[in-house]
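S.K.: Could you have a look at this structure, given as structure tokens, before my questions?
The values are calculated or read from the model by the stated rules, or taken from the named source; none is laboratory data. Just so you know, these numbers come straight off a predicted model, no measurement behind them. Here the Cβ positions follow ideal geometry from the backbone for every residue, glycine too, while neighbour counts run over all protein chains shown.
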Amino acid sequence: GQQLNQSPQSMFIQEGEDVSMNCTSSSIFNTWLWYKQDPGEGPVLLIALYKAGELTSNGRLTAQFGITRKDSFLNISASIPSDVGIYFCAGSGGTSYGKLTFGQGTILTVHP
Amino acid sequence: GAVVSQHPSWVICKSGTSVKIECRSLDFQATTMFWYRQFPKQSLMLMATSNEGSKATYEQGVEKDKFLINHASLTLSTLTVTSAHPEDSSFYICSARIGPDLTDTQYFGPGTRLTVL
């Protein structure tokens, strides 16, 4: 089946620093999504990407849908303590049409 | 918009009992909902796809007789864990797809923590 490789697995940063995480796939996806999950909660959608090459921003977050449709990255600028959580990429389409394939997650810790 | 609720948010039950978890799309209709399971510090694992008015489609390795799914309306899907055992203890999360297109975005519920004693 399709696999998503998300990196890094975890990050420890100082408040104010920028953060970058990415996902790569061995196969093509038609949609890339980035979610954030707080402890004991469900994932919350941050950014949805629908077209190859698309670059989308949501406040301090910026994400891009890779031109090959096999990768995506998420950047967080000027991190703040409430950015702490687990970030997941997810791909939709390809051979698992209609379902989401999730990355392993990136655990972000922000030190004040 | 695009709010999904789950009930209960947590449940503790004795081994051998059955537990029902509800997933509702509050401000949109969802012909398709999904049920996931998540273990601590791991990613979400898709259990089944729930389609309104038809039988659920289960992922490989998921026992359909143990995890009963009913999607009786466009805003409600239920997951019943039958004869629950301690190994069924987990965080169960549902999602709802907002549109009819298979690439439409999924919105997630807040999850249900199940603990089986």
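S.K.: Taking only segment A:74-112 into account, find how many residues are closer than 21 Å to B:Phe108 by Cα and more than 13 Å from chain B (Cβ to nearest Cβ). Show your work before the answer.
M.R.: We begin by selecting, within segment A:74-112, every residue closer than 21 Å to B:Phe108 by Cα; these are A:74, A:82-93, A:96-108.
Narrowing further to those that are more than 13 Å from chain B (Cβ to nearest Cβ): A:74, A:82-84, A:108.
Number satisfying all stated conditions: 5.
S.K.: Please go through segment A:39-67 and pick out each residue that is modelled with pLDDT under 95 and hydroxyl-bearing (Ser, Thr, Tyr).
M.R.: Passing the criteria: only A:Tyr50.
S.K.: Here's something else I'd like to know. Could you check segment B:1-107 for strands (runs of 3 or more DSSP E) lying wholly inside it with 1 or more residues that are within 24 Å of A:Tyr87 (Cα to Cα)? Outline the logic, then answer.
M.R.: Values: elements: B:4-7, B:10-13, B:19-25, B:32-38, B:44-51, B:67-73, B:76-81, B:90-97.
In segment B:1-107, the matching strands (runs of 3 or more DSSP E) lie at B:4-7, B:10-13, B:19-25, B:32-38, B:44-51, B:90-97.
S.K.: Being at pLDDT below 95, of a type in the set (Ser, Thr, Tyr) and in a strand (DSSP E or B) is the filter here; which residues of segment A:93-112 pass it?
M.R.: Listed by number, the residues that qualify are A:Ser96, A:Tyr97, A:Thr101.
S.K.: Please enumerate the residues belonging to segment B:1-54 that are polar (S, T, N, Q), within 11 Å of another protein chain (Cβ to nearest Cβ) and without any contact (Cβ under 8 Å) to a residue 40 or more places away in the chain.
M.R.: The answer is B:Gln42, B:Ser43, B:Thr49, B:Asn51.
S.K.: Here's something else I'd like to know. Identify, please: which residue in segment A:33-64 is closer than 20 Å to B:Ser90 by Cα and surrounded by fewer than 18 Cβ atoms within 10 Å (Cβ to Cβ) and is, among those, farthest from the chain's Cα centre (by Cα)?
M.R.: Of everything passing the filter in segment A:33-64, A:Gly40 is farthest from the chain's Cα centre (by Cα).
S.K.: Report, by residue number, each residue of segment B:12-37 that is more than 10 Å from the chain's Cα centre (by Cα), over 16 Å from B:Ser89 (Cβ atoms) and of a type in the set (A, V, I, L, M, F, W, C).
M.R.: Listed by number, the residues that qualify are B:Leu26, B:Phe28, B:Ala30.
S.K.: Please tell me if A:Tyr35 is closer than 16 Å to B:Gly111 by Cβ and at pLDDT 95 or above.
M.R.: Yes.
S.K.: Among the residues of segment A:1-22, write down those that are of a type outside the set (S, T, N, Q), in a strand (DSSP E or B) and under 19 Å from A:Ser77 (Cβ atoms).
M.R.: Result: A:Met11, A:Phe12, A:Ile13, A:Val19, A:Met21.
S.K.: Can you tell me how many residues in segment A:54-112 are on the phi > 0 side of the Ramachandran plot and touching a Gly at 6+ places or on another chain (Cβ under 7 Å)?
M.R.: Residues meeting the conditions: 1.
S.K.: Oh, and also: Hey, any hits in segment B:102-116 for a residue that's of a type in the set (Ser, Thr, Tyr), surrounded by fewer than 16 Cβ atoms within 10 Å (Cβ to Cβ), in contact with a Pro (Cβ under 9 Å, 6 or more places away or on another chain) and more than 10 Å from chain A (Cβ to nearest Cβ)?
M.R.: Yes, there is a match, as at least one residue in segment B:102-116 is of a type in the set (Ser, Thr, Tyr), surrounded by fewer than 16 Cβ atoms within 10 Å (Cβ to Cβ), in contact with a Pro (Cβ under 9 Å, 6 or more places away or on another chain) and more than 10 Å from chain A (Cβ to nearest Cβ).
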